[in-house]
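Only one structure is covered here, and it is reproduced in the block below.
The values are calculated or read from the model by the stated rules, or taken from the named source; none is laboratory data. From a predicted model like this one, the values you see are computed outputs, not experimental measurements. Neighbour counts run over all protein chains shown; Cβ positions are idealised from the backbone, glycine included.
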Amino acid sequence: MEVSAKVKVGGFLWLEGLVEACCLHRVVILCMRSNNLLMRTGQCFLLNGFIFLGSIFVLNSVVIPALWWILPDQSSQFVSHKLCDLGGTLKFYSFVRLALIQLFYVLWFYPLYVFSIVLSTIWYNDIAKYGYAAMGRSKFTVEKGSSQNNSPTLQNAHHVKGPSGLGGVMIGIGQQVYSILLLSVFFLEVYATGFIPYIGKLLNFLLLSWMYAYYCFEYKWNFNEVALDRRLDYFESYWPFFAGFGSPCVLAIFFFSPLVSYGIMAILFPLFVLTATGSESEQEISFEKHRWRAAGVERLPIFYVADKVSMWMLSLLPMEKGDQVQDRKAQ
């Protein structure tokens, strides 16, 4: 009975996260409140949707068919069948066609891809900042709940400030370095699961859901100065909720080629960042009102491997810097 109750709780948490992610009306409301937010969101759509995805459409629908028509690889397309005997001509045409397509990628797609990543990263931060300002919400923190029932709850708590001065700056830098390493290692985990037979795709989908959900909420947590260990504790404690929140993000890109997936995700990601920004799940967990919530959900150490690898990598740094980074555990 206890297992079935926890499964039910996990299912409702997952559904709650899915519903939160689909509350796209928040995007409209926030954009109506902020012209800067509307402009940044529109720029993101223009760059990644119209230019990037539009370029892929032109390549696949216009450029490549035109090259196949100009440089065919079948002798039946030649007017003179005598050319059918010239196999070297067909091979040359095939080489030229492939070279022109690759030239299109090198001179246009790859530079545009890098440019889009850099510019979109800057815009995502602006979108989160303008969205957070449009909410007009006071700060909150994630407070670690009681460990007796293994179901931490979120409470409004006083934010504990870290050391001021140079020490605080160094600890802040250390946390940023650790966070980058942690997410980078976790991304490698996500990539590696795709090669596991049979269950690899399912694990890849689940880990991607968590990764995108964490990215979406991280902007708001940064603006609220939520300590790194607190956000990780909350994330791992309510892992079904975040799996549900990240599911629409991954579902939209899971069945496309890498370039198309990136373009679609680059369009949708700001929307999910804004839905996360407008979410009040950290302050009012609506599903705690239900009596079945008391069953609790076991904390899942999602970042365990990434944490161990990241701390090992940081231990290779000079001792003073390594100690400052590891002080994140005490914050």
Single match in E225, E236, E189, E218 (criterion: surrounded by fewer than 20 Cβ atoms within 10 Å (Cβ to Cβ) and not in a helix (DSSP H, G or I)): E225
Considering region 1-54 alone, what residues qualify as being outside any helix (DSSP H, G or I) and of a type in the set (A, V, I, L, M)? M1, L24
For region 239-255, what are the residues that are surrounded by fewer than 18 Cβ atoms within 10 Å (Cβ to Cβ), within 16 Å of the chain's Cα centre (by Cα) and either outside any helix (DSSP H, G or I) or of a type in the set (G, A, S) (or both)? A252, F254
Residues being over 16 Å from H25 (Cβ atoms) and polar (S, T, N, Q): count how many of those fall in region 235-280. 4
Taking I264 as meeting all but one of (1) buried (at least 20 other Cβ atoms within 10 Å of the Cβ); (2) modelled with pLDDT of 90 or more, write down the number of the exception. (1)
If Y214 satisfies all but one of (1) out of contact with any Leu (no Cβ under 8 Å at 6 or more places or on another chain); (2) of a type in the set (F, W, Y); (3) closer than 18 Å to L181 by Cα, what's the number of the condition it fails? (1)
If you check every pair at least six apart or on different chains, which have Cβ atoms under 6 Å apart with a residue in region 199-218 that is more than 23 Å from L274 (Cβ to Cβ) first and a residue that is outside any helix (DSSP H, G or I) and among the small types (G, A, S) second? G200/G194; N204/G194
Applying the selection to region 87-113, what residues are of a type in the set (S, T, Y), free of Cβ contacts under 8 Å to residues at least 24 places away in the same chain and surrounded by 13 or more Cβ atoms within 10 Å (Cβ to Cβ)? T89, Y93, S94, Y105
Considering only region 35-88, how many residues are at pLDDT 90 or above and aromatic (F, W, Y)? 4
